[in-house]
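The values are calculated or read from the model by the stated rules, or taken from the named source; none is laboratory data. Given the structure is predicted, the values throughout are model-derived calculations rather than measurements. Here the Cβ positions follow ideal geometry from the backbone for every residue, glycine too, while neighbour counts run over all protein chains shown. Only protein heavy atoms, including side chains, enter the accessible area calculation; ligands, DNA and RNA are left aside. Shrake-Rupley method; radii C 1.70, N 1.55, O 1.52, S 1.80 Å.
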Amino acid sequence: MKFEMTTDPPLRIGMLTPSSNTVVEPVVTDILASLPEVTAHAARLRVTEISLTNQSQSQFAMETMLTAGDLLADAQVGVMGWNGTSASWLGFDLDQRLCDAITTRFAVPATSAVLAINELLEIEGCQRIAMVTPYVDNIQARILSQYGDAGYECVAERHTGESVNYAFAEITSSEIEQLIREVATEGPDAIIIMCTNMRAAPLVNRLEEETGILIIDSLAAYVWKALRLGGIDTARIRGWGRLFSR
């Protein structure tokens with residue numbers, strides 16, 4: 001299906017996001033500050049815990065997401081998707097199926113944070129990656145296994161062992177910086193921040209300059225892909241990391 005995008009009226013980027021996420025809306029708004037013709041709009045679905053329990057995994061059911069999308073579609077968004085990272089441990093194919101369902105149901109192009117990350121890794125030819133997350137051990141193991149199966153070598157990882165989604169946003173900037181610096185010592189092709197409720201995006205530009213390593217924040221990756229789907233030149237965004245020059 002081909003899409004003709006317009007910025008008159010402005011491009012509206014739609015984001016499905018966890019109910020307990022306090023980072024997505026303010027940080028995305030800051031990233032888009034230099035693009036007056038683009039606005040971001042969010043719909044929430046209940047997500048409070050990240051674990052491998054059935055209850056936790058059921059939070060990400062397809063119909064739950066599409067029901068939230070029904071409300072978001074009322075804002076006549078031009079792009080829609082999942083600004084969350086559950087597919088990193090539940091399976092990349094889940095996000096692709098979700099995006100296909102969104103496009104079928106709402107007739108708009110769709111993406112997700114995880115699919116955007118994977119596209120950036122492919123564009124950049126990255127094979128050796130480092131992974132930083134706030135998740136518990138078994139979630140982190142699932143993420144690393146998925147990327148390993150996809151052909152990536154994870155040369156370093158750090159995770160903080162938290163399962164309460166709201167608490168991810170309370171990890172301090174200094175703590176995030178330390179985690180990034182620690183994995184950077186292994187010289188990966190890219191460092192991935194896999195969580196849209198960690199306040200990493202504002203740190204990326206400075207830490208890329210410090211380490212010389214591409215840092216892909218999941219929330220920023222979603223914005224990058226949504227803008228591309230909307231026909232917006234991402235290079236107009238400065239100060240939020242190298243990914244926007246792609």
Residue separation times 0.36 nm, minus the C-alpha to C-alpha distance between residue 206 and residue 74: what's the value? 43.7 nm
Using the Cα gyration tensor of the chain, with a ≥ b ≥ c the square roots of its eigenvalues, what is the shape: rounded (a/c below 1.5), prolate (a/b larger than b/c) or oblate (neither)? oblate
Output the relative contact order of the chain, whole-number percent, from Cα pairs under 8 angstrom with separation of 6+ residues. 22
The range 187-229, relative contact order [Cα under 8 Å, separation at least 6], %: 49
Take every Cα pair under 8 Å in the range 137-246 that's 6+ residues apart, average their separations, divide by the length, and report that relative contact order as a whole percent. 20
Can you grab the distance from the C-alpha centre of the range 114-148 to the C-alpha centre of the range 36-83, Å, no decimals? 21
Could you give the alpha-carbon Rg of the range 23-93 over 2.2 N^0.38 Å, rounded to two decimals? 1.25
Per DSSP, loop chymotrypsin sites (Phe, Trp or Tyr not before Pro) in the range 1-95 with at most 16 further Cβ within 10 Å: 3
How many Å² of accessible area per residue for the chain, probe 1.4 Å? 41
Dimensionless Rg/Rh of the range 83-145 - Kirkwood Rh, Rg from C-alpha atoms: 1.02
What is the list of residues in the range 30-55 whose amide nitrogen lies under 12 Å from a point 7 angstrom out from the Cα of residue 138, following Cα to Cβ? 51-55
Segments 136-142, 152-158 sorted - mean Cβ within 10 Å per residue, highest first: 152-158, 136-142
Using only the alpha carbons of the range 20-61, determine the length spanned along each of the three principal axes and report them from longest to shortest in whole angstroms. 42, 15, 12
Which percent of Cα pairs goes in each bin when the distances of the range 45-188 are cut into 5 angstrom slices starting at zero? 2, 9, 17, 20, 20, 16, 11, 5, 1, 0
When the helices in the chain are scored as -39500 (n - 2.57) per DSSP H run of 4 or longer and the sum is shared across all residues, what 222 nm value do you end up with, to the nearest 500 deg cm²/dmol? -13000 deg cm²/dmol
Using 7 Å Cα-to-Cβ label points, what is the residue 103/residue 149 separation (nm, one decimal)? 2.3
Once you charge only the Cβ atoms, +1 for Lys and Arg and -1 for Asp and Glu, what is the size of the charge dipole of the range 98-228 about its Cα centre, to the nearest 20 debye? 440
Check each of the GluC sites (Glu not before Pro) in the range 191-246 and keep only those in coil by DSSP with at most 11 other C-beta atoms within 10 angstrom; list them in order. none
Projected area averaged over all directions for the convex hull of the alpha carbon atoms of the range 141-246, nm², comes out at 7.2
I'd like to compare 112-120, 36-44: which one has the highest average count of other Cβ atoms within 10 Å, and what's the full order after that? 112-120, 36-44
